Amino acid sequence: MTCPEYAIVAEGLTRTYGPFIPGSAGKVAVDGISFKVRKGEIYGILGPNGAGKTTTIKMLSTMLTPTSGLAEVLGMDVRDGKNIRALRKRINVVSGGERGLYYRLSGRQNLEFFADLYGIPKKDQKALIESLLSLVELIEAADIKVENYSRGMKQRIHIARSLINSPEILFLDEPTIGLDPEISRGIRSLIKKLSDGGTTVILTTHYMFEAEELCDNMVILSRGRIVGKGTVDDIKSSISRVSSLKIITEEDPSDVTASLCRENLDAVTSRLLNERYLTKITLNNADRAFTAIEDLFRPYAISSVGVEEPTLEDAYLTLVNEGL
Amino acid sequence: MNPRAVTASFKQQAIQFMADPQWIIPSIVSPFLFTMVMLYIHQDVTGPVVLQAVLGGGVLGMWANTIFASSFTISYDRMNGTFESMLLSPTKIFDILIGRSIWNAFIGLVNALLVFAIAEMIFRTGVSLANPIGFFFILALTLMSLASFGMLISTAFVFSRMGRFFSSVAEYPIYVISGALVPISALPVGLQHISYLLAPSWGVDAMRYAAFEGYGSMMGTSLLTDIIMMVMLSIAVLIIAYFIMNKAERAILSAGSATRY
Ligand SMILES: Nc1ncnc2c1ncn2[C@@H]1O[C@H](COP(=O)(O)OP(=O)(O)OP(=O)(O)O)[C@@H](O)[C@H]1O
Ligand SMILES: [Mg+2]
């Protein structure tokens, strides 16, 4: 079932930890998930703390043996011990946080060490390291010990380390966690650049805007299971649409609002500073009720109407809570 | 073996060490105390006793250093999160450890020489070695045998953070069993058998051959046998370490324990 179109094919992938108390059942961290990642795309794995994102990434990156199920990465079965070293040459991982570097070595020395571990020929190392340092904008700090780096610098040298073997698949586990907006933005544009260059990127994040900005496709995990899958739009439209309607009128429409409330709609009117009235109504099926409701407000002199579509965050929260 | 990875980890260990060499101190202080105690017990600071004591101290120093460095090396990586980055690379952990062990052995040598030098400065015994060149050659070989032991200890840390238990248990018995402290013949027979299985015992014996004129082997063998035994046992230990290490690598992937420390 090797399919060159896909960088990753997971089928029924499962991982259990423990049991830590003999005789008890182990903890099912990832519970039979299936998904496919196309070559060159940015694929998101979203989900609350403990959902199984890191566990999934570890299994796909040969760092953790699956309990059952299938995972083919670059056409190779990750469970087959013979593939592990071949696969490790072609992938890399960045985990968010400050661990994983030699603090008493400079940034450059860290990169040199890992270049050797990846068997990068000595003659190519200098130029490669220089280009990676400039990619992550650490040329000036290259010869300072990592222990003196700020968090953002550590994360950037991490990313440089992960690119040392020009990986075909790059796994990024919360790459922008704890970083300031400017550095995060820099990292996001770097991710896009890598993806444009043909690298397949697997990204986990708790930031919805990041997923929305970067991911071509994604899965949402909750308690080890997939509760949502597809593009951002697929995911938004997979929940029963919840939109909110905002109507501003010249005159007070409280009577209408009260009658809507009696119909069990969530509606509130408030008086604005400019002597106008704002009414917010949450609708389950906006398309149908929209014009009918607008008509009710017409006698109060409508000055503007707006519809707020559900965000990825709305969809995420709905899916994750349905999964409980 | 992957020479690139070996050199890289040798260099990494060296830089790391130079940035913070304070941990050489415990492995000098306790062997040195041992040397002092030996000398005061014997109340004789001339000739063979001094040499015996200083030699014992030097070997203890090398062993303490080996234990310390080979335990520290992987626990540091576990604590630092670099163990995962190492594991993620296509290089075998075993190759990385070889490089580090060579550096550690080198520091062990410096350590032993420091113990010798300090003892000489304090007691001003002026003892001379029967065969200085042979002595240094054997010292180097003994160091290699200690390093291969160190590899075995490191595997315990690759397996689990519980390696610390193993290494603290291994430290003192080896002093006794290897004959560095007291002659092997003074040990209970059961322990003597274990002594014969330890490369460092043969190394200590061989060093004494080279140090003392007319030395009667504590192992009851010849110098050549000592050397051959030491080399063969060291190779055997290395092979065992290699297999354990590969098993350990697989075990941590299935237990998911690489991040624990
Ligand atoms: N090494 C381990 N041993 C035992 N249980 C583990 C281990 N690693 C993870 N778990 C458990 O498996 C579940 C999934 O954890 P995982 O780290 O994959 O979640 P996550 O989605 O990455 O969460 P977060 O967003 O907090 O990073 C959790 O319940 C966690 O407690
Ligand atoms: Mg995680």
Projected onto their principal axes, the Cα atoms of segment A:242-308 stretch, largest extent first, over whole-Å spans of 31, 22, 19
In degrees, nearest ten, helix B:47-80 long axis to first principal axis of chain B (Cα)
10
Can you list which of the trypsin sites (Lys or Arg not before Pro) found in segment B:90-158 are DSSP loop residues with at most 13 other C-beta atoms within 10 Å?
B:Arg124
If r is the Cβ-Cβ distance from A:Asp255 to B:Asp20 and R0 is 56 Å, what FRET efficiency results, to the nearest 0.05?
0.15
In segment A:206-260, which trypsin sites (Lys or Arg not before Pro) are in a loop and have at most 16 other Cβ atoms within 10 Å, using DSSP for the loop call?
A:Arg241
Hey, if you put +1 on the Cβ of every Lys and Arg and -1 on every Asp and Glu Cβ in segment B:61-215, which of B:Gly108, B:Phe159, B:Leu146 ends up farthest toward the positive end of that dipole?
B:Phe159
Among the aspartates and glutamates, select those whose C-alpha is under 13 Å from the C-alpha of A:Lys192, and discard any that sit fewer than 8 residues away in the same chain.
A:Glu41, A:Glu210, A:Glu212, A:Glu213, A:Asp216
With all protein chains present, the protein assembly as shown has a carbon and sulfur share of its accessible area (1.4 Å probe) in percent of 60
Does segment A:104-193 classify as rounded, prolate or oblate by the C-alpha gyration tensor (a ≥ b ≥ c root eigenvalues; a/c under 1.5 gives rounded; else a/b over b/c gives prolate, otherwise oblate)?
oblate
Straight-line reach from B:Lys11: which aspartates and glutamates fall under 18 Å, measuring Cα to Cα and dropping same-chain residues less than 8 apart?
A:Glu112, A:Asp116, A:Asp143, B:Asp20, B:Asp77, B:Asp95
GluC sites (Glu not before Pro) in segment A:206-265 lying in a DSSP loop, each with at most 11 other Cβ atoms within 10 Å of its Cβ, come to A:Glu263
Taking a ≥ b ≥ c as the square roots of the eigenvalues of the Cα gyration tensor of segment A:144-190, is the shape rounded (a/c under 1.5), prolate (a/b larger than b/c) or oblate?
oblate
Hey, if you put +1 on the Cβ of every Lys and Arg and -1 on every Asp and Glu Cβ in segment A:261-310, which of A:Phe297, A:Asn274, A:Asn264 ends up farthest toward the positive end of that dipole?
A:Asn274
Roughly what angle does helix A:107-117 make with the longest principal axis of chain A, taking Cα atoms, 0 to 90 degrees, to the nearest 10?
60
Förster radius 22 Å - calculated FRET efficiency between A:Thr311 and A:Glu263 (Cβ-Cβ, nearest 0.05):
0.30
How tilted is helix B:199-211 with respect to the longest principal axis of chain B? Cα atoms for both, answer in degrees (0 to 90, nearest 10).
30
I'd like the FRET efficiency for B:Glu120 and A:Arg185, computed as 1/(1 + (r/R0)^6) with the beta carbon distance as r and R0 of 56 Å, rounded to 0.05.
0.30
Work out how much length A:Glu130 to A:Leu296 would gain on full extension: take 0.36 nm times their residue separation and subtract the Cα-Cα distance, in nm to one decimal.
53.1 nm
Taking a crude spin-label model, label points 7 Å out from Cα along the C-beta direction, the A:Asn274 to B:Ser257 distance in nm is 6.7
Chains A and B: accessible area buried, summed over both chains, 1.4 Å probe, nearest 100 Å², reads 3000
A:Ala29's amide H: which non-local residues (gap 5+, or another chain) put their own amide H closer than 5 Å, with H modeled 1.01 Å from N in plane and none for Pro or chain starts?
A:Arg15, A:Thr16, A:Tyr17
Size of the dipole of the protein assembly as shown about the Cα centre, Lys and Arg at +1 and Asp and Glu at -1 on the beta carbon, nothing else charged, in debye to 20?
1600
From most to least accessible, 1.4 Å probe, no ligand or DNA/RNA atoms counted, B:Thr225, B:Thr91 line up as B:Thr225, B:Thr91
To the nearest 500 deg cm²/dmol, what mean residue ellipticity at 222 nm is calculated for chain B from DSSP H runs of n ≥ 4 alone, each contributing -39,500 (n - 2.57), summed and divided by the residues?
-27000 deg cm²/dmol
Separation between the A:Ile139 and A:Lys89 pseudo-spin-labels, each 7 Å from Cα along Cα→Cβ, expressed in nm?
3.2
Before rounding to the nearest 500, sum -39500 (n - 2.57) across all DSSP H runs of length at least 4 in chain A and divide by the residue total; then give [θ] at 222 nm in deg cm²/dmol.
-10500 deg cm²/dmol
Peptide-level mean, for A:114-124, of C-beta atoms on other protein chains within 10 Å
5
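The values are calculated or read from the model by the stated rules, or taken from the named source; none is laboratory data. Everything quoted here is computed from the prediction, not taken from an experiment. Cβ coordinates were reconstructed from backbone atoms using ideal geometry, including for glycine residues, and neighbour counts include every protein chain displayed. To get the accessible areas, we keep the full protein, side chains included, count just its heavy atoms, and leave off ligands, DNA and RNA. Shrake-Rupley method; radii C 1.70, N 1.55, O 1.52, S 1.80 Å.
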